[in-house]
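The values are calculated or read from the model by the stated rules, or taken from the named source; none is laboratory data. Remember, predicted model here, so these are calculated numbers, not experimental data. Positions of Cβ are backbone-derived with ideal geometry, glycine not excepted, and every protein chain shown enters the neighbour counts. Areas reflect the complete protein model, heavy atoms only, side chains present, ligands, DNA and RNA absent. Shrake-Rupley method; radii C 1.70, N 1.55, O 1.52, S 1.80 Å.
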Amino acid sequence: MKKVILFLSMTLSATAAQWRMHIIDNTSRGADGVRLMDINKDGLPDIASGWEEGGVVRFYLHPGPKKAKQPWPHTEVGKVKSPEDAVFTDLDGDGAYDVVSCCEGRTRTVYFHWSPANDEQNEILPWRTKAVPATTGKQSWMFALPLQVDGDGIDLVLGSKGDEASIGWLQSPKNPRDIKAWKYHSWYKAGWIMSLISCDMDHDGDLDVLASDRRSKTPGILWLENPGTKAMKTDPSLKWNVHRIGAIREEVMFITISKNNVIHAAVRPNHIHVLQPNGDPRQPWKEQIITYPADRYGTAKAARADDLDGDGQIEIAVSCEAANGAKSGVFYLKQNKGKWFDYDIGGPEGLKYDRIELLDLDGDGDLDLLTCEERDFNAVLWYENPLK
């Protein structure tokens, strides 16, 4: 595996225009991640998020571009302890989105939050929260990825951390409402799963699972090869083949993958790994390592790439933890003549950020940055791109 290590050129990033911050919600504690889905079919992205210390799971309906800079309306779908992740999915196929939350701490349980629209009598009822028995008290669940595994309904790929950590799938039964009938099958012994992404890694027509394992005996970036729905229906316990592709033995945090299969990974303490396949995706990938200034920014938490300044080139947005003192917790990297330069986004406020989404929230034609901060602002928030 060929690695190219690049160091950032010195730049007066503090003089760059900082992006204006907008609070979506700061009325609980420990906002921990944002997951997107247009649940009301208005063409705008809505947000699911768990509040780890506050013990609540909420979703936020995009209020429209004109109101996006104000706090967004939210619905609390359930109260659970130590929610680490929340994601939309239609568990029972009735056309209404439910929410799945993953909990760590002493809870160690996956919960289903059933939409009130699922009620057979069409009565207006509160959201109903149910623990999934196959997961209760079993692992410190960190991430859920909705995915059709055996072709029957929506299943969930789960990742966890700790002594019993794994990647595996939670199999949907014929009647998804029969919560006791859901079964968990382990694929991979993990250390601390940060990301799970569905992507056709080998271009064979089915969705594989790309993952980042932060801590284990063999940490790094890997993908699990889908053997196909027929094979999984025949043998639900069948394990998926594991392929390791980069950031080997590194503490890799959140990762993203572009449409042309380029992976951007945040790697502690202050590195961004850019990985491209070398022909066969089952072999280690070509890996470029960018080192950013540890004296200006916190430790790497998430990375996502897109064109932020409208010049047709790709920039890399980065979020951080441990952005203490004068350090910034959100910035982006731009390449010019083979050198990388850093530009501040968030300024010195904000300590611990989470995964990133880049999207146009205010309808002005440029990409804004959506994330969470769970210490200083205690908020789901977004930064407004000053380009337009």
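General remarks:
- Residue satisfying condition, being within 14 Å of CYS102 (Cβ to Cβ) and either assigned to a strand (DSSP E or B) or polar (S, T, N, Q) (or both), within set SER195, SER186: SER195
- Listed by position, the strands (runs of 3 or more DSSP E) inside region 296-388 whose residues that are more than 18 Å from the chain's Cα centre (by Cα) number at least 2 are 330-336, 339-344.
- Within region 30-57, the residues that satisfy the criterion of being assigned to a strand (DSSP E or B) and open to solvent by 20 Å² or more (accessible area, probe 1.4 Å) are ARG35, LEU36, MET37.
- Scope region 293-304; condition touching a strand residue (DSSP E or B) at 6+ places or on another chain (Cβ under 8 Å) and surrounded by fewer than 22 Cβ atoms within 10 Å (Cβ to Cβ); matching residues: PRO293, ARG296, THR299
- Verdict on SER160 being outside any loop (DSSP other than H, G, I, E, B), of a type in the set (S, T, N, Q) and crowded, with 20+ Cβ neighbours inside 10 Å: yes
For every residue, the table says whether it meets (1) open to solvent by 10 Å² or more (accessible area, probe 1.4 Å); (2) within 15 Å of CYS320 (Cα to Cα); (3) acidic (Asp, Glu).
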{"site": "TYR343", "(1), (2), (3)": "yes, yes, no"}
{"site": "GLU349", "(1), (2), (3)": "yes, yes, yes"}
{"site": "LEU358", "(1), (2), (3)": "yes, no, no"}
{"site": "GLU373", "(1), (2), (3)": "no, yes, yes"}
{"site": "LYS388", "(1), (2), (3)": "yes, no, no"}
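- Test: residue in region 208-218 that is at pLDDT 95 or above, open to solvent by 40 Å² or more (accessible area, probe 1.4 Å), within 23 Å of CYS320 (Cα to Cα) and touching a strand residue (DSSP E or B) at 6+ places or on another chain (Cβ under 7 Å): no
- Residue selected from region 114-130 under the condition open to solvent by less than 40 Å² (accessible area, probe 1.4 Å) and not in a loop (DSSP other than H, G, I, E, B), by the criterion modelled with the lowest pLDDT: ASN118
- For region 308-320, a tally of residues being surrounded by fewer than 23 Cβ atoms within 10 Å (Cβ to Cβ) and either touching a Phe, Trp or Tyr at 6+ places or on another chain (Cβ under 7 Å) or among the β-branched types (Val, Ile, Thr) (or both) returns 2.
- Residue match in region 165-179 (condition: within 22 Å of THR234 (Cβ to Cβ), among the aliphatic types (A, V, I, L, M) and within 20 Å of the chain's Cα centre (by Cα)): yes
- Subset of region 70-84 (residues that are out of contact with any Phe, Trp or Tyr (no Cβ under 8 Å at 6 or more places or on another chain), farther than 23 Å from ALA131 by Cβ and buried (at least 16 other Cβ atoms within 10 Å of the Cβ)): PRO71
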